[in-house]
Every structure is written in C-alpha cells, then in structure tokens.
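The values are calculated or read from the model by the stated rules, or taken from the named source; none is laboratory data. Model, not experiment: these values are computed from the prediction. Positions of Cβ are generated from backbone atoms using ideal geometry, with glycine treated the same way; all protein chains shown enter the neighbour counts.
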Amino acid sequence: MTKSEIRDFFSRTASSRIHWKKRNSFYHRSLEKYIAFIIPEGKKVLEIGCGLGDLLNATKPSYGMGIDFAKEYIESARVKYPSLHFEVDDIEELKLSDTFDYIILSDLTNCLWDVQKALHNIRKLCHSHTRIVISQYNFRWEPVLKAGELVGMKMKQPAQNWFTTRDLQSLLLLEGYQTIKIERKLLFPKFIPIINLLFNRIFANLPIINHLDLVNLVIARPVLNDNQQYSVSIVVPARNEKGNIENAIKRTPEFGTRQQFIFVEGNSSDNTFEEMLRVKEAYPEKDIVVMKQSAKGKGNAVREGFDVADGEILMILDADLTMPPEELPKFYDALRYNKGEFINGSRLVYPMDKNAMRFLNLLGNKFFGWFFTYLLGQRLTDTLCGTKVLYKRDYEKIIQNRSYFGDFDPFGDFDLLFGAAKLNLKIEEIIIRYRDREYGSTQINRFSHGWLLIKMSAFAAKKLKFM
C-alpha cells in the first residue's frame, strides 16, 4: 500500500475502532497499565498516533498532547478527553514544535511508511531528559495475529512492518538515540482469571519465556552532548576508618569546577570522627564538611550526606578506598559527556588483589549482577560496588519517587539502583580495579547481609517485574 492508501484506510475504519477496542479490551487495558507504569504521573506527554486518546489519558499527564493523521480520531478524542490536547499531524511531515518529557509511539512502527524518518523528526520534540516509549508487536506473533484477523477476533490491518527489537535499536542508534531498556509483556492477550495470573503475571516475566511475549516495550533517550563542567560533592560514609580519611583527600584528583567532600561518620570506636575534624583543619583550602549520621547503616549515611551536598554531581566514595579515588574522574567524565545518567562502578572484571574480596562474596556479587540485569532491563555486572555517581537533579527525582519502594535498604545501593531504573535513567558501568584495604577490616557479614540482600531482591522483583 502507498502512504496515502494507509492514511485512507485508517480514516475509513475510524468509526469501527471503538467496537474493536471493546472486543480486545484486555489487551488495550494491559498496554495502558504497562506504559502508565513507565511514565510517572504529572509529566508533559506526547502520544504520536494517539487514536481515541485512551492511552494518553492513562498516563495522567500534567500536559497531554495527542497527534494523529486521521482527523476522525482527533475529533472523537477531543470530545472524549476535553482536558487533553489533540491535533491532526503526521509524524513523517511534522508541524508540531514543542518539547516533551515523554513521547509515546504505541503500535505505530508496524504501520508507518518510513520509521527512520519518524524517529528523525521526533528529535526536535526532545529535550535532554526526554524519554521515547515505543510499544510494538513481537514479530514471532505475526502468524497468530494474521489468523486472528481471518477468524474475526482482530481488526484487519493493511500490510504491516514487522520489526525485531534489534531492527528498532539500529534505527534508534542511526538517529542519535540510546536504548535504555527493553521490557517484554503479555503472553496471553485474552482475560481468563487463572490463565492471566499464571501466564501474564508469572510466566511472561521469566527469562527466556518472555521472548515469546506479544508486546515489546522499548525505552530510549536522545543523546545530546554539551561538554559542560560541573561542581561535585563527594560523600564519604565512614565507620572505623580512621587510617583512610586523609588519603581520601590526598588521593582524589582535581576535576570539576569545584569539589566538596562530605565525611559522614557512623558510630566509630577508633576516633574516626576526630580524624575527620583534624583533616578538615589540615586542609583549609578544601571544602570539607564533617557530620555524624543520625541513625545506622550506610544507606542512612549516604542520604544524609546527599541532603547537605551542594554540588551539581553527587558521588559516593567508600572510606575503605578499595575503589581507588584516582578513578573518580572516569565517573565524572562518563556523566558529563552523557554516556549514561547513573554511573556505577564494577569491581568484577579486572583481576582483583588477592585479599580484596572473599570467594563467597565474589559469587554473591556475580549472582546479584545477573539477577539485576534481568530485573532492571539494563546490564549490570556489580550491584554492590560502593561508588555510584549521578546528577543531583536526578537524585531529587529519586527522592520524590521513593514512596513507591519505601525505606527498605540499609545499604543504599539498591535504593539508588531501583530508583534510577524506575525513572528510566540510563545506567552505565565504569570498570575499576578493586584493591586490598590498607587500614581496618571489612564490615560485611556475608551470611546475614547476604540473606538481607536476597529479601530486598525479591521485594524489588515484585515491585518492578511481577506487579
């Protein structure tokens, strides 16, 4: 079909769309639930190919704009959702010029004439934090969906594009986007109570099986570089680390427009707090803040340190210095050059010093790396490396969204990782060499802490995958 014939088809069949949506209401409600989970409430949202506007409305935007090239859809959507905005427009000949926080293309790549041109045009609607959310059918379902059209269970469609997720990722890359993650959902698109629980809540979210799901959800972002320099706050949580405090200052290279060191002491018995005060006096040219945490646990120390930080970029440096402070500029550059939006350290690639990590700890770290890659939809090799770096503006968004998970993490690592993933921040890893301690001993209890990490992982699976 030509492009004009495709346009005529959708205009001609617009009046029957309501009938077909009712017949397949479970599919459409499920898609609305999945995309509303991805997009936080109160965002500025654009849906391209909005149809009747139901999906756009489900995201609860602060400002919602829907465009479609079929004026029949736009007229119906304006009546149905008067608080939203709808315009006749064609993404391949785009007139709209505003920018949005989230841009949705739902079941659209299969019927566009030129998908790459559409992605090219979308860039002018993006700011640096825009997220593109694309839902499309799994190409493996083509014969099933065609059969559904033949027997009258699905609305007949013109000849369609059948993109694999790899095809779509290639087009996104060509047009200057970075894929953040791919989610797969809906193994059985009709509602039958027990079947829905087993197939769509459980089986559809399991590794390998999920490659058979009907819906592929691709989340991407535009890659924009401004080469700007930023101020940095380095939070150093410390308990019984007296011998490492001064080296944290001496060994950290100069980078950024300004550096702030925030030492947070956690009920030490070796005069760590007094050493922090001494170091602050010994280096008056440095911006050093010394404080005692109000509760227990590294997570609490990091949060209270971040609360008083005034840098544009926030960093965590563990006071044991097993992650060398000399490596911090790599994290800074990865963030400011927009290679990622949440930069995580990985200790498990390079060979590490003989006594840096006990064998059971190493196995546990590798397991959690694999499990979190599956859980978050982004590759992670080391979830428990203490060094994590992000913009303060993004951390403030994590705070606003923290109620979704609650206060469940005494370590702080999972709280930040889950929060970043829920906000669809692009996570990238910096491979570092993990060193032996020069002072003190590890404060990790491999069995009790390991069990706690397993429980937190199960909690996250329920909140992020099996919801």
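Rundown of residues vs (1) in contact (Cβ under 8 Å) with a residue 12 or more places away in the chain; (2) touching a Cys at 6+ places or on another chain (Cβ under 9 Å); (3) assigned to a loop (DSSP other than H, G, I, E, B); (4) buried (at least 18 other Cβ atoms within 10 Å of the Cβ), yes/no style:
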{"position": "S170", "(1), (2), (3), (4)": "no, no, no, no"}
{"position": "R184", "(1), (2), (3), (4)": "yes, no, no, yes"}
{"position": "A220", "(1), (2), (3), (4)": "yes, no, no, yes"}
{"position": "L224", "(1), (2), (3), (4)": "yes, yes, yes, no"}
{"position": "I234", "(1), (2), (3), (4)": "yes, no, no, yes"}
Condition test on S346, is it under 24 Å from K330 (Cα atoms), hydroxyl-bearing (S, T, Y) and either within 17 Å of the chain's Cα centre (by Cα) or at pLDDT 75 or above (or both)?
-> yes
Qualifying positions in the range 250-260 - farther than 21 Å from R393 by Cβ and surrounded by 20 or more Cβ atoms within 10 Å (Cβ to Cβ) | T252
What residue, among those in the range 432-467 that are under 29 Å from N401 (Cβ atoms), β-branched (V, I, T) and surrounded by fewer than 16 Cβ atoms within 10 Å (Cβ to Cβ), is modelled with the lowest pLDDT?
-> I444
Lone qualifier among S97, S30, S76 - being more than 28 Å from K3 (Cα to Cα) and either in contact with a strand residue (DSSP E or B) (Cβ under 8 Å, 6 or more places away or on another chain) or at pLDDT below 95 (or both) = S30
Across the range 76-120, what is the total count of residues that are farther than 21 Å from I38 by Cβ, hydroxyl-bearing (S, T, Y) and in contact (Cβ under 8 Å) with a residue 60 or more places away in the chain?
-> 1
Taking first residues from the range 305-321 that are in the same structural domain as T257 (by TED's automatic domain parsing) and second residues anywhere that are crowded, with 23+ Cβ neighbours inside 10 Å and acidic (D, E), the pairs with Cβ under 8 Å that are 6 or more apart or on different chains are A319/E241; D320/E241
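Among the listed residues N200, N247, identify the single one that is among the polar types (S, T, N, Q), assigned to a helix (DSSP H, G or I) and crowded, with 18+ Cβ neighbours inside 10 Å. Quick ask: steps written out before the conclusion?
Numbers: N247 fails: crowded, with 18+ Cβ neighbours inside 10 Å.
Only one candidate passes the filter, namely N200.
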Identify, please: which residue in the range 256-300 is hydroxyl-bearing (S, T, Y) and touching a helix residue (DSSP H, G or I) at 6+ places or on another chain (Cβ under 6 Å) and is, among those, farthest from A238 (Cα to Cα)?
-> Y283
Considering the range 250-279 alone, what residues qualify as being part of a strand (DSSP E or B) and either modelled with pLDDT under 95 or touching a Ser or Thr at 6+ places or on another chain (Cβ under 7 Å) (or both)?
-> R258, Q260, I262, E265
Inside the range 386-410, can you point out the residues that are modelled with pLDDT under 85, surrounded by 19 or more Cβ atoms within 10 Å (Cβ to Cβ) and either of a type outside the set (D, E, K, R) or part of a strand (DSSP E or B) (or both)?
-> G386, F405
Sort out for me the strands (runs of 3 or more DSSP E) sitting completely within the range 85-137 that have 3 or more residues that are over 18 Å from the mean Cα position of the chain (by Cα).
-> 85-88
